[in-house]
Every structure is written in C-alpha cells, then in structure tokens.
Amino acid sequence: MASAAATNASPLRAAPLPLCAHCGLPLARVRARPGEALYCCGGCALAHRLTGGTEGHGQAAGLLMAVGVGAFLAMNVMMLSFVLYSGRAEADRASGESWVRWALLLLATPALVLLGGPFLTRGLHRLHDLELDTDSLVVIGVTAAYLLSARSVLLGAGPVYLDTAMGILLFVTVGRYLEAASRARATDALASLARRMPADALRLGEGGEERVPVAALVGGDRIRVRPGERLPVDGVVVEGEASVSEAEITGEPIPRPRGPGEGVSAGTLNLDGSLVVEVRRTGAETTLARIVRLVEDARAGRYPFAPLVDRLVRLFVPLVLGLALATFAYWTHAAGTGEGLMNALAVLLIACPCAIGIATPLASTAAAGRAAAAGVFVRHPESFERLARSRRVFLDKTGTLTDGMPALVAIRPAPAASEREVLALAAGLEAHSEHPLAASVRQAARARGVAPVVVTDFRAQPARGVLGRSEGRELRLGRGAFVSGAPPLAEAGASVVHLSRDGEWLGALVFRDGARPSAAEAVAGLRAAGLAVEVLSGDQPEAVAATVADLPGVVASAELLPEEKLERVDEAIRRADSPVMVGDGINDGPALSGAAVGVTLESGTDLAREVADVTILGGDLRRLPWLVGLARRTLRTARLNLFWAFFYNAIGLTLAVQGRLHPLFGAVAMVVSSLLVVLNSQRLTRHPLPAGAVDRGALPADSP
Amino acid sequence: MCGGFVLAVAAGRRGGWTLVTHQVQLQLGKAASYGFLGALAGAFGSALLANPVFAWGERTLAVVAAVALGAAGLSLLGLLGTGESRIATWLAPLWSRVTGPLLAARPPGFPLVVGVAMGFLPCPLVYAGLAAAAASGSAGGGAAILAGVALGTVPALVVAAASGTVVSLGMRRTLARLAGLVLLAAAATTLTRVTGPHAGHGSHAAPPASSPAPGVSGALDPEGHAHHH
C-alpha cells in the first residue's frame, strides 16, 4: 500500500502559512515578532483590537476614543476647508487668513497622530522588513500632503492640503475597519461553536461525581452529560439513552438516538436524557478539533497561482511608488507643485494591490466556511477549482454508495463443517479487521453466542482478504481467488466471502448491503451537473450490479484491486477529466490520493480521512453534487474578483496619471474596490444549503 | 433613535454640571458629524448644479427633501412602514461595537465620540437636511443647514436627558405625534414653494458658494430668491 503522505505530497501543499489574527486569511509575506499578533492590514489590526481583545472594554474604549476624537478633528478640518475652498482652483488654496490656516493645522496635527498612528506604526514595521503594502502607500501619501501643508502654514505662503490628508485618513480608517469586519464574517467557520464548548465536565469516580476541567479528562474516564448539556469530548455511551443533536457539526436536522455502545462526538448537544459517557478522545484529538484544523488548513493552504500573485503584489507597490514619483515630476513641470502633488497622491491612493491578493483566497475561504456549515470539510483550497473543472466522479461501493453495514444473511458450510464453526473461525479473523464486513461478522457471532477463536499472525491484503493462524493452522477469509478450493456460489445481489483452513475450503458467508437512501438523488444530481458517474468496486459483479440497478446511467466495474482503481483514476486524469474519487476504505487510499479531488465520508477509515481532500459528515451523498455546485460558483467568484481587481487598478491608475482623479476620490475608490471584492466573496456564505441541512449560522446558542 | 444614546450617556450622572458637560460634548460631536455631512452634500450639490445638464437638480433635491420630511412625519404618526427600523436593525451591531465599549467604560470625553457616532445614525430628518444641503449648492450652505438641524434637536434631547424617566409613555406618544404633524407641515410648505406660483420664476442654477444659505425651518427656496422670505 502506497504511503499516504508520499502520494498526497504536492509542491502546492507546502507548510501552511500564518493566518491573520482577525480575518483568518493567510499571510504570505509577514514576519512574526515575538508576542505580536499578525494582521494582514491596518483594518484587521484595528478591528481585532476593538472586538477581539481580551482586556475587556478598556482597551476597546481607549482605541475608540483615539479614533473618535481623531475623526471629530478630521471632520472639522474637512468641513472648514470645504467651506473656505470649495469650488476654487487649487491655486486659491494659498489664500485665506493666516489664523484660519493655523487653526486647520492645529486641528489636523492631533488628528494625524490619532488616526494615522496605527497605519504609521504598521507601515514602519513593514518597511523595516523591506515589505510594502497598501497601508505604506496611504502613509506616504498622507504624510507628504501634511508636511507640504505644514510647510506652507509655517512659511505663511503656499497651498494647504490638510482636508485631503484628513479625508484620506478618515475614509481609509473607516473603510478598512468595515472591510476587515466583513472579511472576518466571510471566513468564520466553526469559531462560534468552538467558543461555546463547555469548560468543565461531571466526572464519575469512586467518591461520586465531581466537576473537573475538560482538560483534566483522560481516556477511560466516565462523565455524566445531563439533558441540555453539550458533549465536551468524543466517547462511547455506557449508560442511559438520549436524543443527540448533531446539527451544528454535520448540518443534519434530525436528532439521533444514542444508547449504550454508541459513539458520541464533542460539540453535539444532549437533548433529553442523562448519559454516562466513557471518554475516548479529548482536546485536539476530538472530531470537532480535527474539523476545525481542517478548516484552518484550508485557509492557510496555498493556491495554485499563489506564487504568481505574491510576486505580482510584491512588485506592485514599488511600481506604484515609482509611477507616483514620475507623475509628480511630470505634473510639477507642466502645471506646478500643487498639481504635481495632488496627482501623485491620487496615484498612491487609487492603487489597490490588496484586492488582487485577496481575490482568490477570500472566495475559497468563504466557500470553505459555507461548506463547513453543511457538514462538508474542504482541506485544500485548490480543491474548489479542481471540483469545478471535474467531469467524472468515481464512487466506491461498500461504505460509500452503500452505508457500509452489510448484514450477514447466510452461512454456507462445507459438508465437513458447521455454521457455528465457520462463524467462530471467521469472527476470530475479523476481530483484527476494520473492514465493514468484519463488524457484521463480529455482530453475528455475538448475536448467536458464538465465541471467536484466538487468531495470531493476522495480516490483511486489501480487496483480497485476511489471513492468520489459529492452533498452528492457517486460516484464510476472502474472495474466491484468495481462498483455494472455493466453489462458485451465485448469490444474486450479495457479497460472498469464503473461509479455508490449511487450504481446505470450510464454507462461505453471504452478506447483503443496501444502497444509501441518498445515493439515487446524489447520482442524479451529479449527472444533471454534467458529470459522468462510475462505480469502482472490489466486490463481486452480482453485488455491484444489484447496488447500481436503481442508478440509471451509472457505469460499474467490479472485482477491482486498489491498483486497478488507481489506473482508472490515472486514465481520467490523462483525459483531463479532473476526476473526483469518493471512497472510505483502505483499498481506496491510492485512488483517493491520486484523484484530482479525494472525498471521503465521516465513517471512512483513518487512512481515507487522512488522504482525502474533502470529508463529508453524516453520510448524506447529496452533499456531493451540492459541493460541485458550490465549487463552480466559487471559481466564478474568484475569477470575477481577479478581473475586477486588475481592471480597477488599470483604469484607476490611468485616470490618476492623467490628472483626472482627485486624491480623495482615489482613497474612497480604493476602499470601495476592496470592499467590493469582500462583498462579492461574502455572497458565497449565503449559498443555499443542500436539502435537509440546517443552517448552523441561524441556530441560536445551545439550541437543537 | 438619538434618544436612546442621549439617555445612555446621561445615565449614572453624578450631578447637574456633569449632565451639562456631557450633553455639550454629545451635541458638539453630533453637530460636527452633521456639519461634515452637510458640507459634503453641499459640495456635491455645487458640483452637480454647476453643470447645465443637471439644471433640474435643484428642484428635484428640494422635492426629495420635502418627501423625506413627509415620510418622517408619517412615521412619527404611525402611518408609515418600518423601513427605518430595518435599516436600524441592520446597522445595530456596528453601532453597538462602536458605542458599547464607550458607554461601559465611560472614559473622559466619551460623550463627544458617542455624539460623532450619533451623527451618522439613519434619520429621515437628516435625509431631508442632506437633500436641502445639496440643493443649496454650496458647502457652507450645506454645513449651515445640517448644523441647524443639529441645533434644532438639542432642546428635545436635552429635555430627554434631564428627565428621561419623568415623561410618561403616553406623553411621549403625544409629543411624537405633534412632532409628526410639524414635520408634515414643513414638508407641505417646501413642496408648495417648489411647485407653487413662485416656482415658475425663470429657473437659473444656484449661484456658487457666495449665495446665502436657505433657512433651516424647512421653507426651502430652490431658486435662491432670499428676498421672498
């Protein structure tokens, strides 16, 4: 079996990037300082300190006072300037009483410190790291306008542009904050649920019940979960029965009954019964924590053309600076310093490299968040593009198309053996196996009171069978070719495995596995979306044919080995079908890893979940065509964002260089441009959920 | 909508002098926001009306102002829908984030910043004022109009702050209805001036910044004929 890590390796799946502490988008070129939170822009820094700080209202109030007083002063400077200079030519800005100009300067100076301080601090840090971004352009532009104006006031002659400087600061501060707030909303996936997790639990011990921190629980502890409480850990019910709501994890609206022996997950809600749960996984090992990591991995993942975008943005700001200098030189020569400064300012402010940088990541992250709301977790952001381009879906049968819980319906012993003997030997072998058939055999043995034999030297050969030794004799359980001497047995629509001991056929076990209720609708949805659907199964032809009988238009292949499944996937890749592989077992690992997009279900094996790009919780296959629709819409959104970002910058810079753009309009347009990209991407967070899914965002806190 | 903020600022006050200083800061902040918006609207109107293509702009803006006043009046009388409530609901989280920490921590000067935020609350009176400011065709005129609107609301808000719990619910409803009637009257007056017999006196674009600003009381004269008052 190929190594999952090796086959899943890709130069595009390098180490994850650090994330902005506020909006969660990846940071490609930010150097971390000890103890300092990382932000992608000044807006996120402002928004996070206002809303995300842990020091209560004091810190936020102090920041709000600084911004509020700065805004008050800036608005007064702008108002007075408009009243005095509105409608006049730029040259007339030198006129006016000296005391008025001094008043403007006295109002503008503290406003510059209060509003411009955060940008200036961040800009200097970035400059120290030899990295420039949009905030750097704002700082350079505002500082230039202020210094020139201050010089004019001090010398008593020359134009004053304080209203422009203040207006830029005001619009950029407010605009960046609104943009950061919108971006954070677009990228928030499971943060609200993670925040509502209980901090403590009622542990049962010899001395009775005691309330302990959840972090103190270990595997094997028993806790009591009362009605209305949220499960703090993954575990197994040992006592009691209750309805458990998994809506916030899987999106499934119908609560599921849970009783002794059944698993429960952290984050789900106990609705109506008292449960005693044995702890299996805590903290970072729970399903919920794993899902949160998946979503964060998706945010931090690199995109196919991320290196190109990074290079572009890295070059863009110095280019804009150069263009601004050239514009200043030209217009100063042609029409004077005032005109040169205003046009250069316009060039600095209209440029928006941030829109280019966030165009694709924001769309993918917003889509990943919406998918998470439907219980679909996308690990790699580039999966959306590959899903959108896909033309073929391969489905595994057992555990994917079917619910993977085939029932043992008959035992056909050889004349020299009995049903109980065959079952005891088979159960002994299957005690070591994760295969869905193994669980069915063990359950049948328990139900009939048959004790499994002790088996040593257990080995599994995927899609072929299992073997081991009992009392020194070799046992084999598997498909016909794996077990010598197995007679041909025709069981329509059933799976048959044979048992042998030391090469002597002992009997056959017959299983039947029904298709999932959602399978037909899912396949119809995929075909309606223009995808070809093909079933790849290691099972026998009769069983495969019986499963796909009610799935029109589906091509099915049976008795495939894992490497043969991979061959089919590789053929589809060579045809540029961008194939999707949906599977859940160990024998699907190579195909899952080799496909353009690997999809597994929550019930899948650890290997499948590790190599797959997408995990679907709850087992509803209708999520798959829905995900394809979401992926196509995400691709369209990302393309529109990029087109807008390039188009806007091209047009805006052209107008600014030609002297047709006022700097204030440039500042407003720059913020509006980023906001448009954010709002366009945010539409993905309102993409209709699949049928039957609950909108977790609409759920009130701690309600079913 | 301003009443809630005024009462929140006045809550827990330690004495009459504190009430006064807080209200002065609050109204100053609000007036700065209003004046700023008015200057912006006036500058926009000046640019718009200077272009002969938009010769119809003055009259249209005056009609918009009258409609906004009328809508505010009907809303106070309970005869109009909840459009403003929907906007307020949509903006509430943002306002809460801005003013919540200030009202909780109450640092020195916090009423000024709350007042600045209040100035951007959605309000039909402000919409009417903005339309009038744009119609004035000058930044100075626009700033003066909105400053006048701000000043006009001071008495009512100060009374609310000083006697927040004294005025009964029934009395408040009556006062709201009276205010609604006044606004309807102002709207009717404005509309009459725009469409009445004087409105036909040879339209000409509003002169640039030097023209006197129209009065704040709502009797708008889009033709700039100040001598008619």
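Could you list, in sequence order, all residues of region A:637-664 that are part of a helix (DSSP H, G or I) and either in contact with a Gly (Cβ under 8 Å, 6 or more places away or on another chain) or free of Cβ contacts under 8 Å to residues at least 24 places away in the same chain (or both)? Spell out how you get there, then give the answer.
Step one: of region A:637-664, the residues part of a helix (DSSP H, G or I) are A:637-657, A:663-664.
Passing the criteria: A:Arg639, A:Phe643, A:Phe647, A:Ala650, A:Ile651, A:Gly652, A:Thr654, A:Ala656, A:Pro663, A:Leu664.
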Q.
Checking the condition in a helix (DSSP H, G or I), at pLDDT 65 or above, away from chain A (no Cβ under 14 Å) and farther than 24 Å from A:Asn76 by Cα, which residue from B:Glu84, B:Glu58 passes?
A. B:Glu58
(Q) Pairs please, first residue from region A:388-400 and within 23 Å of A:Ala549 (Cα to Cα), second anywhere and surrounded by fewer than 24 Cβ atoms within 10 Å (Cβ to Cβ) and of a type in the set (Asp, Glu), Cβ atoms under 7 Å, 6+ apart in sequence or on different chains. (A) A:Arg391/A:Asp577; A:Arg392/A:Glu534; A:Arg392/A:Asp577; A:Phe394/A:Glu534
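In region B:111-129, how many residues are part of a helix (DSSP H, G or I) and within 14 Å of chain A (Cβ to nearest Cβ)? Lay out the reasoning, then the answer.
Of region B:111-129, the ones part of a helix (DSSP H, G or I) are B:111-118, B:124-129.
Right, trim to within 14 Å of chain A (Cβ to nearest Cβ) and you get B:111-118.
Residues meeting the conditions: 8.
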**Q.** Test for A:Leu627: is it farther than 27 Å from A:Ala494 by Cβ and at pLDDT 90 or above
**A.** yes
Q | Out of A:Glu567, A:Glu571, A:Glu559, sole residue that is part of a helix (DSSP H, G or I), closer than 22 Å to A:Gly465 by Cα and of a type outside the set (Val, Ile, Thr) | A | A:Glu567
Q) A:Leu429 fails exactly one of the following numbered conditions: (1) at pLDDT below 90; (2) of a type outside the set (Lys, Arg); (3) closer than 24 Å to A:Glu262 by Cα; (4) touching a strand residue (DSSP E or B) at 6+ places or on another chain (Cβ under 9 Å). What is the number of that condition? A) (1)
**Q.** Breaking point among (1) among the acidic types (Asp, Glu); (2) surrounded by fewer than 20 Cβ atoms within 10 Å (Cβ to Cβ); (3) in contact with a strand residue (DSSP E or B) (Cβ under 6 Å, 6 or more places away or on another chain), for A:Asp588
**A.** (2)
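Of the residues in region A:349-404, how many are within 30 Å of A:Val317 (Cβ to Cβ) and hydroxyl-bearing (Ser, Thr, Tyr)?
Taking region A:349-404 and keeping what is within 30 Å of A:Val317 (Cβ to Cβ), we get A:349-369, A:380-382, A:384-385.
Keeping just the survivors that are hydroxyl-bearing (Ser, Thr, Tyr) gives A:360, A:364-365.
Going through region A:349-404 one residue at a time, the tally reaches 3.
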Q. So which of A:Ala549, A:Ala515, A:Ala519 ends up being out of contact with any helix residue (DSSP H, G or I) (no Cβ under 7 Å at 6 or more places or on another chain) and under 21 Å from A:Asp403 (Cβ atoms)?
A. A:Ala549
Q.
Would you confirm, using the coordinates I've provided, whether A:Val523 is within 43 Å of the chain's Cα centre (by Cα), among the aliphatic types (A, V, I, L, M) and either within 22 Å of A:Leu437 (Cβ to Cβ) or assigned to a strand (DSSP E or B) (or both)?
A. no
Q. Is it the case that A:Ser484 is outside the structural domain of A:Ser390 (by TED's automatic domain parsing) and farther than 17 Å from A:Ala427 by Cβ?
A. yes
Q: Output the qualifying pairs, or none if there are none: Cβ atoms under 6 angstrom, residues six or more apart or on different chains, first residue in region B:89-109 and within 17 Å of A:Met65 (Cβ to Cβ) and more than 8 Å from chain A (Cβ to nearest Cβ), second residue modelled with pLDDT under 70 and not in a loop (DSSP other than H, G, I, E, B).
A: B:Leu103/B:Ala8
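The values are calculated or read from the model by the stated rules, or taken from the named source; none is laboratory data. Nothing here was measured: the structure is a model prediction, and the numbers come from that model. Here Cβ is always computed from backbone atoms with ideal geometry, including for glycine, and neighbour counts include all displayed protein chains.
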